[in-house]
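Structure first, then comments.
The values are calculated or read from the model by the stated rules, or taken from the named source; none is laboratory data. Quick caveat: nothing in here was measured; it's all calculated off a predicted structure. All Cβ positions, glycine included, derive from the backbone under ideal geometry; neighbour counts span all protein chains shown.
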Amino acid sequence: MGSGAWSAASFHANVRTRSIAGKDTFDYSLRAQQSGNLAVHPSLNPYGMTVRESRDSHEHPDSNAILISLDITGSMGKVVRAIHRDLPHLHELLLGHKYLPHPQILFAAIGDATCDRVPLQVGQFESDNRMDQNLENIILEGGGGGQKTESYELTLFVAARHTSIDCWEKRRKKGYLFIIGDEMAYPFVNRAHVHKLIGIDPQANIPIQEIAAEASEKYNLYFILPGGAHHGADAQVIAFWQALIGERNVLRLGDPDDTSECIAMTIGANEGVITLDQARQDLARRGKISAIVERILKSIAGLFGSGSTPPTSSGTRRL
């Protein structure tokens, strides 16, 4: 997967078409919930999948894999909508400001496998507007178990064992994995959940530390807590993720609308192509008022270390 090029014109044309037709951006989810038939869209169905691939091509000779996993429990659906609205800005920063050449983005969705009907949805790595379609096909179930724990470990399992990415396999350059949520993961990947949702048997439960370490072999791991999320300021949740992937890789946002900018700036910082001052300038050029710019930069300042010099490490702390 990953051919073609993303087009802002196509994105906005599709938005206008839906608006004229009176359709919601997440029309598939709306219709599924109205009918009571919450079946994962075929483009996102993980059952029977082997690997999701991010591949080099003539168009994209240096592909870079980005996996964005979205919590769809409770009120987190507003973050999914914010990311969809901001896709043009994400691409403007990644491509227009040359933060990362040839990004290929996979959108996934996570719920609670102990109680939700669609707790795992996994798209494909795409370079063009098919990524928009995959995002729009997500069912925003809005469930969750209410115990401050969701099945984020399934994202780590998919990334570790069900993706094949050329940036790592050919060049030993890590991809990026962003998990966006506000709760803790379960302590292990449940063997029964994997068998039910993906159709394979991992033979045993896998401790969360083990699968996170495995995923970190080929991905820079980040956990984003959106502003206003129910557990966005919960000390236990923050400590859980900091212990698992490292303090600087847990990003706390002041507003969920900042998510796309946070992702782009995190990549730019990790790639070593922007300083904190350059990040400020790039946001200002996008028309962000100073208060919003400073709010965003406060969330990611730790990625730049001391001063405004970008980090030189490859991303996450090795687990």
(request) Among the residues of region 31-52, write down those that are over 22 Å from the mean Cα position of the chain (by Cα) and in a helix (DSSP H, G or I). (result) Arg31, Ala32, Gln33, Gln34, Ser35
(request) For region 53-79, name all the residues that are farther than 21 Å from Thr114 by Cα and assigned to a helix (DSSP H, G or I). (result) Lys78, Val79
(message) Need a quick list: helices (runs of 4 or more DSSP H) entirely within region 232-319 having at least 2 residues that are within 22 Å of His89 (Cα to Cα) and either modelled with pLDDT of 90 or more or not basic (Lys, Arg) (or both).
(response) 259-271, 276-285, 290-300
(request) State yes or no: is His41 over 22 Å from Ala160 (Cα atoms) and modelled with pLDDT of 95 or more? (result) yes
(message) Quick check on Gln147: is it closer than 22 Å to Ile165 by Cβ and either at pLDDT 95 or above or not hydroxyl-bearing (Ser, Thr, Tyr) (or both)?
(response) no
(request) Hand me the list of helices (runs of 4 or more DSSP H) wholly inside region 80-199 holding 2 or more residues that are aliphatic (A, V, I, L, M). (result) 87-91, 130-136, 153-161, 191-197
(message) Quick test for you: out of Ser69, Ser19, Ser75, Ser63, pick the one residue that is modelled with pLDDT of 95 or more, out of contact with any Asp or Glu (no Cβ under 9 Å at 6 or more places or on another chain) and not acidic (Asp, Glu).
(response) Ser69
(request) Kindly indicate which of Thr114, Thr163 is polar (S, T, N, Q), within 22 Å of Val194 (Cβ to Cβ) and either free of Cβ contacts under 8 Å to residues at least 60 places away in the same chain or surrounded by fewer than 19 Cβ atoms within 10 Å (Cβ to Cβ) (or both). (result) Thr114
(message) Looking at Pro202 and the list (1) surrounded by 15 or more Cβ atoms within 10 Å (Cβ to Cβ); (2) assigned to a loop (DSSP other than H, G, I, E, B); (3) out of contact with any Lys or Arg (no Cβ under 9 Å at 6 or more places or on another chain), which single condition is not satisfied?
(response) (3)
(request) Sort out which residues of region 14-30 are part of a loop (DSSP other than H, G, I, E, B) and in contact (Cβ under 8 Å) with a residue 60 or more places away in the chain, and write them in order of number. (result) Thr25, Phe26
(request) Being buried (at least 19 other Cβ atoms within 10 Å of the Cβ) and over 21 Å from Lys196 (Cα atoms) is the filter here, so list the residues in region 117-136 that pass it. (result) Phe125, Glu126, Ser127, Asn129, Arg130, Met131, Asp132, Asn134, Leu135, Glu136
(message) Only one of Glu92, Glu53 is surrounded by 15 or more Cβ atoms within 10 Å (Cβ to Cβ) and within 20 Å of Lys174 (Cα to Cα). Can you tell me which?
(response) Glu53
(message) Quick test of your reading of the structure: Gln242 fulfils all but one of (1) surrounded by 18 or more Cβ atoms within 10 Å (Cβ to Cβ); (2) over 22 Å from Val80 (Cβ atoms); (3) within 20 Å of the chain's Cα centre (by Cα). Name the failing condition by number.
(response) (1)
(message) Cβ contacts < 8 Å: first residue under 8 Å from Val189 (Cβ atoms), restricted to region 201-217; second residue of a type in the set (Gly, Ala, Ser), any location; separation 6+ or different chain. Result?
(response) Ile208/Ala185; Ile211/Ala160
(message) Being more than 24 Å from Asp56 (Cβ to Cβ) and of a type in the set (Phe, Trp, Tyr) is the requirement here; does Phe178 meet it?
(response) no
(request) Output the residues belonging to region 234-248 that are farther than 15 Å from Ala212 by Cβ and touching a residue at least 40 places away in the same chain (Cβ under 8 Å). (result) Asp234, Gln236, Val237, Arg248
(message) For Ser151, only one of the following conditions fails: (1) under 23 Å from Asn64 (Cβ atoms); (2) within 15 Å of the chain's Cα centre (by Cα); (3) among the small types (Gly, Ala, Ser). What is its number?
(response) (1)
(request) Consider Leu221 carefully, then state whether it is hydrophobic (A, V, I, L, M, F, W, C), in contact with a Ser or Thr (Cβ under 6 Å, 6 or more places away or on another chain) and under 29 Å from Glu126 (Cβ atoms). (result) yes
